[in-house]
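To start, the structure under review is shown below, and the notes come after it.
The values are calculated or read from the model by the stated rules, or taken from the named source; none is laboratory data. A quick note: this is a predicted structure, and the numbers were derived from the prediction, not measured. No Cβ is skipped: glycine too gets one built from the backbone with ideal geometry, and neighbour counts run over all protein chains shown. These accessible areas exclude ligands, DNA and RNA; they are computed on the full protein's heavy atoms, side chains included. Shrake-Rupley method; radii C 1.70, N 1.55, O 1.52, S 1.80 Å.
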Amino acid sequence: MSPTRDVVGTSDLDVFADTLADVMAGRCPADELGRLPAAGSPVARRIRSEYEKTPATAPIAQTAQESPVSHGGPLPDPLPSQGGTVVDQLDRLTVDWTDFEAAGEITRDLVQRIADDKESLRKLVYDVENKPELLAMCERHQLLDYIVLYDALDRGIRLHLHISTDDHFDRPHDHRFSFSSRIVTGGYTHTWYHTDGDIYGDGPDPEARQHLDRHHPDPRALGKLEKLTPHIVRREAPGSCYTLHHSAIHTTFTTPDTVSLFLRGPAEKDRSVIMDKQEGILWWRFGHQDEPEERRRQKAMGLDAYRQIRERLERLGAI
């Protein structure tokens with residue numbers, strides 16, 4: 001997969017939409033569009049198609065029924081998330097991640113709305129204390145902690161709030177699911193990788209369950225990390241928003257106090273991979289239901305830690 005083609009963030013689409021508006025108005029040559037990172041994406045092509053169908057003499061008006069498009073340029077169809085509070089939007093939303101481009105549009109729009117609505121975001125965070133099913137899903141890891149704010153994977157959505165820890169390592173990894181993310185505070189250097197060959201091999205791999213952390217790496221990985229090369233590097237700052245396919249390998253080298261919204265879809269494979277390039281090792285992560293009980297206990301957040309993290313979010317002005 002090429003991140004330039006399949007993983008398009010709203011920062012790239014903003015630039016594309018602004019340049020397209022200049023082209024249509026005669027303020028810059030049309031060949032400028034072809035030089036932009038988002039130019040080849042289906043979303044960018046749809047934006048261009050809509051512009052070109054609009055008569056030059058007709059102003060592009062936004063009515064109350066049309067979706068506001070402060071991020072990512074004008075979208076051709078109103079998004080289903082419009083209207084009501086963000087919680088109302090979550091309650092009505094179903095996302096089909098088999099249509100990756102459409103799912104990315106919808107979920108990027110929604111995480112932007114949630115991040116911009118501090119009152120609703122704060123309520124979602126505080127409500128977790130009274131929802132034991134969500135609190136039980138909150139986890140602590142070496143590089144980040146996360147609070148699960150909303151769960152409806154039967155409708156294609158689970159919303160997290162991620163908070164970076166004081167540890168910062170360059171660990172390329174993928175995910176079992178596709179997702180959209182929006183930076184609230186802090187930021188990170190974001191690198192997308194290309195790899196020659198298939199890290200996973202064919203089908204399920206029972207032996208992978210023996211290699212679940214950096215202290216128990218998979219010895220079969222010898223030589224595989226040498227095939228991993230950086231493909232795109234960009235800086236994600238507050239307001240940055242992007243969608244990543246589950247097959248993409250990336251790394252996020254965070255700054256302290258980085259907070260991000262993370263809206264994921266259902267799992268599309270049984271495990272994900274984490275790599276340490278410096279040590280030349282890799283290990284695997286499985287879903288909660290497939291992990292050993294000891295592993296579940298190690299990463300469980302608990303009420304006291306949740307309250308401490310909530311206070312930290314307040315101090316950072318994230319909620």
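Listed values, structure above:
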read-out	value
Greater than 25 Å apart at Cα, pairs in Lys227/Lys269; Lys131/Lys299; Lys227/Lys299	Lys227/Lys299
Solvent-accessible ranking of Glu226, Glu101, largest area first, probe 1.4 Å	Glu226, Glu101
Ranking by accessible area, most exposed first, for Asp174, Asp116 with a 1.4 Å probe	Asp116, Asp174
Using θ = phi - 60° and Karplus 6.51 cos²θ - 1.76 cosθ + 1.60, couplings along segment 290-299 (whole Hz; Gly, Pro as x)	9, 8, x, 4, 4, 4, 4, 5, 4, 9
Amide hydrogen neighbours beyond the local backbone of Thr165, cut-off 5 Å, H modeled	Leu144, Asp145
Local electrostatic count, Met275, Cβ distance below 14 Å [Lys/Arg +1, Asp/Glu -1]	+1
Average Cα contact separation per residue, segment 164-247, under 8 Å, 6 or more apart, as relative contact order %	57
Arg307 accessible area, 1.4 Å probe, all protein chains in place, Å² to nearest 10	90
Extended-chain gain in nm, criterion 0.36 nm per residue less alpha-carbon gap, Lys123 and Asp154	8.9 nm
Under 13 Å from the Asp290 label point (7 Å along Cα→beta-carbon), backbone N, segment 171-205	175-177, 200-205
Contact order relative to length of segment 86-170, as percent, for alpha carbon pairs under 8 angstrom and 6 or more apart	24
Distant-in-sequence amide H partners of Tyr150 (H built 1.01 Å from N, under 5 Å)	Leu159
About the Cα centre, charge dipole magnitude for segment 143-268 (Lys/Arg +1, Asp/Glu -1 at Cβ), debye	320
Environment charge of Leu228, counting only residues whose C-beta is closer than 15 Å and scoring Lys/Arg +1, Asp/Glu -1	-4
Neighbourhood charge, 13 Å Cβ-Cβ cut-off, centred on Phe169 and excluding it, Lys, Arg +1 and Asp, Glu -1	-2
Candidate residues Leu225, Leu303: accessible-area rank, largest first, probe 1.4 Å	Leu303, Leu225
Using a Förster distance of 25 Å, the FRET efficiency for Ala136-Gln308 (Cβ separation, nearest 0.05)	0.90
For segment 189-198, Karplus couplings with θ = phi - 60° (6.51, -1.76, 1.60), whole Hz, Gly/Pro x	7, 10, 10, 9, 10, 10, 10, 8, x, 9
